[in-house]
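The values are calculated or read from the model by the stated rules, or taken from the named source; none is laboratory data. If you're wondering where the values come from, they're calculated on a predicted model, not measured in any experiment. Because the Cβ atoms are built from the backbone with ideal geometry, glycine has one as well, and the counts that use them run over all protein chains shown. Protein only, heavy atoms only, side chains kept; ligands, DNA and RNA dropped before computing areas. Shrake-Rupley method; radii C 1.70, N 1.55, O 1.52, S 1.80 Å.
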Amino acid sequence: MDDQLITSFKRTSYELEARELVLKCVSLAQQFDLTADQFAEAFEAFAVNSVEPDVLSDTSNTRRSRTTPAKAAKAIAAAPSPAVTKTTLSSFQQRTQKGQVFSTLNAHLHFDDEAQEMESSHVQRCIVVQRGVSSASSSQFMVDRLQDKVQYLDGQIGDFAAAFEDATGCHPSHPIYAACQDPVLMVGRICCDSEGRLNERSVLLEGSIELSNGMRTKLDLSKLEGFKLFPGQVVVVRGINPAGACIVAHQMYTAVPKPVVQTSLEQMQHYAQATGAKGLSIVVAAGPFSSKEDATYEPLQALLTHCTTQPPPDVLVLMGPFVDADHPLVQSGMLEESYEDVFASQVIDRLDEYLESAGSSCHVVLVPSTRDVHHHPVFPQTPLPQEAVPTRHPQQFTLLRNPGTFACNEVVVGVVTSDVVKHLSGQEVQRGPQGDRLPSFAAHLLGQQSYYPLYPPASGSLLDCSQASNLQLPLTPDILLLPSDLNPFAKLVPVPAPPPQGADTDAHPLGAVQTVNQVVCVNPGRLTKGAGGGTFASFQIAPSAEGRAAALGRAPETNGSLAHSVHARCKAVITRV
């Protein structure tokens, strides 16, 4: 198109000499879908009607026979569209709180540059690996049969009972409908006795098909000191059922988390040498990435600019929606490109430019959302297909399913883009001390071993039970990312567990009193809120003390596998874009 534009401008007595001017004209012509002749005529009309003296002839109202590239560029830049001239700043550009810190976790941690003390290994700083991928991305979906729902719900109960038995040595095998005068262990799923919201007097316990024929029995919670329950939660109840019609709960066990990952000392030393004392850096942002006013993706560009104005992060995690189904231009059908082209030009092209600036050591992780109009709107969600991500740096991209789990060196990260925190907040019923509710919702996910334990699912969640195996946590992550419309937060969440084998369960009135680990749970907020800017999160994770000591040549305290303890060495900061 370059030669066509030069020829068309010559017909109107203008000449394009500078290469950068030609490229600018080609870009504008493609942006507004104009041919070379149409673009030249539009510029001619602009120049003739302009009041600028350097565009009009000095001697008459006739057109100048020649204009310099600088003057032509100035005229074109002043008129980005032949029909519309933008004269005001967008709401996003007028934001006043950009760069302000919203929240900080572990603010006491400091990261001094002691990398010169480390042995240089000249290896890749960060290795990103997907964890727990259980099915191919091409698997069928939206074939959600009744038997799939039954299998999913009954399987949850069976898996929880098996995990409870492994942890405690006690098998909750008593049928929930059978009368018993002495306390026994029963397992089942929390249900509501009506279509309304769950409350303390409407709780039912639904047993498994194998042990209880899938029957439901009323659950009396009056003897419990405290509880936090929601529909779909699987629990083990210790209590009595005097007449077979109502279970009186004496104790309740609600959490059996997955095992905590451990890494060998040799690997910890390797990662410490690769990253140096400053450790690993991660930046996380959740869509929408463009304001409601337009589709220019200014917030995404602002985030990438932030990442390049300081040492680039080792990993950039972007969570959808990328092309938001709730955007006014999408809903009104006013986008000038297809959804796939918008994603490619506004997101992938910007990321390619960012990676070329940041270098080959940086990595990008993309996680879709059910609000993405260019991807399959079903949950759990397959990764973005490779052909939909036309990048020049495919080796630096990881396409993750939703929900998904991946590891950055030894640090395991779990992420789900469905707003499970908001969904649980509207369904939970509790009694007892009132603490910080937002992190407690994250604890439900860990204790239930599921990225989405709520059932029935919230309206609009698009749950497909035929793919529900992909909702399971493959392991307890070190960092859990839960993007939500609720207030952003960065918290340490204790992971409760039932008493270990051989312990006296009568000594644990609430069941979940033992803490096996702490997980860093973060809601980074939305990068865009309405027409203005939102927030994003950044992490700085120091190498483990054991790995650092080994890298510095000190004698290790142990040669065995090590718990990650990321909660003690991770600083998380939520910042306004």
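Every residue, every condition in (1) open to solvent by less than 10 Å² (accessible area, probe 1.4 Å); (2) within 28 Å of V129 (Cβ to Cβ); (3) in contact (Cβ under 8 Å) with a residue 12 or more places away in the chain, yes or no:
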{"residue": "G404", "(1), (2), (3)": "yes, yes, yes"}
{"residue": "V411", "(1), (2), (3)": "yes, yes, yes"}
{"residue": "G414", "(1), (2), (3)": "yes, yes, yes"}
{"residue": "G432", "(1), (2), (3)": "no, no, yes"}
{"residue": "R437", "(1), (2), (3)": "no, no, yes"}
{"residue": "S440", "(1), (2), (3)": "no, no, yes"}
{"residue": "P453", "(1), (2), (3)": "yes, yes, yes"}
{"residue": "A468", "(1), (2), (3)": "yes, yes, yes"}
{"residue": "P474", "(1), (2), (3)": "no, yes, yes"}
Exercise for review: Would you please name the residue that is farthest from the chain's Cα centre (by Cα), looking only at residues in segment 292-319 that are closer than 16 Å to T575 by Cα and among the hydroxyl-bearing types (S, T, Y)?
Suggested key: T309
Review point. How many residues does segment 445-484 contain that are over 26 Å from M252 (Cα atoms), at pLDDT 95 or above and outside any strand (DSSP E or B)?
Key: 4
Review point. Which of the residues that make up segment 256-274 are in contact with a helix residue (DSSP H, G or I) (Cβ under 6 Å, 6 or more places away or on another chain) and closer than 17 Å to P494 by Cα?
Key: V256, P257
Point to revise | Selected residue (criterion: nearest to L89 (Cα to Cα)) from residues of segment 292-337 that are assigned to a strand (DSSP E or B) and in contact (Cβ under 8 Å) with a residue 60 or more places away in the chain | key: M319
Point to revise | Matching option when the condition is open to solvent by 50 Å² or more (accessible area, probe 1.4 Å) and over 23 Å from G414 (Cβ atoms), among D166, D182 | key: D182
**Study point:** Residues within segment 381-395 that are open to solvent by less than 10 Å² (accessible area, probe 1.4 Å) and touching a helix residue (DSSP H, G or I) at 6+ places or on another chain (Cβ under 7 Å), tallied
**Key:** 1
Exercise for review: Could you tell me whether any residue of segment 343-357 is assigned to a loop (DSSP other than H, G, I, E, B) and either surrounded by 15 or more Cβ atoms within 10 Å (Cβ to Cβ) or touching a residue at least 40 places away in the same chain (Cβ under 8 Å) (or both)?
Suggested key: no
Exercise for review: Filter segment 35-60 down to residues that are at pLDDT 75 or above and touching a helix residue (DSSP H, G or I) at 6+ places or on another chain (Cβ under 7 Å) and give me whichever is most open to solvent (accessible area, probe 1.4 Å).
Suggested key: D37
Study note, to complete from the structure: With criteria (1) surrounded by fewer than 23 Cβ atoms within 10 Å (Cβ to Cβ); (2) assigned to a loop (DSSP other than H, G, I, E, B); (3) within 32 Å of the chain's Cα centre (by Cα), F289 comes up short on (1)
Practice item. Answer with yes or no whether K149 is closer than 30 Å to A531 by Cα, at pLDDT below 95 and of a type in the set (D, E, K, R). Key: no
Point to revise | Residues that are of a type in the set (A, V, I, L, M) and under 18 Å from P385 (Cβ atoms), drawn from segment 324-364 | key: V342, A344, V347, I348, L351, V364
Check your understanding: Within segment 362-372, is even one residue open to solvent by 10 Å² or more (accessible area, probe 1.4 Å), free of Cβ contacts under 8 Å to residues at least 24 places away in the same chain and not aliphatic (A, V, I, L, M)?
Key -> no
Review point. Any chance segment 542-563 includes a residue that's open to solvent by less than 10 Å² (accessible area, probe 1.4 Å), in contact with a Phe, Trp or Tyr (Cβ under 7 Å, 6 or more places away or on another chain) and part of a loop (DSSP other than H, G, I, E, B)?
Key: no
Review point. Do we have any residue at all in segment 352-362 that's at pLDDT below 95 and among the aliphatic types (A, V, I, L, M)?
Key: yes
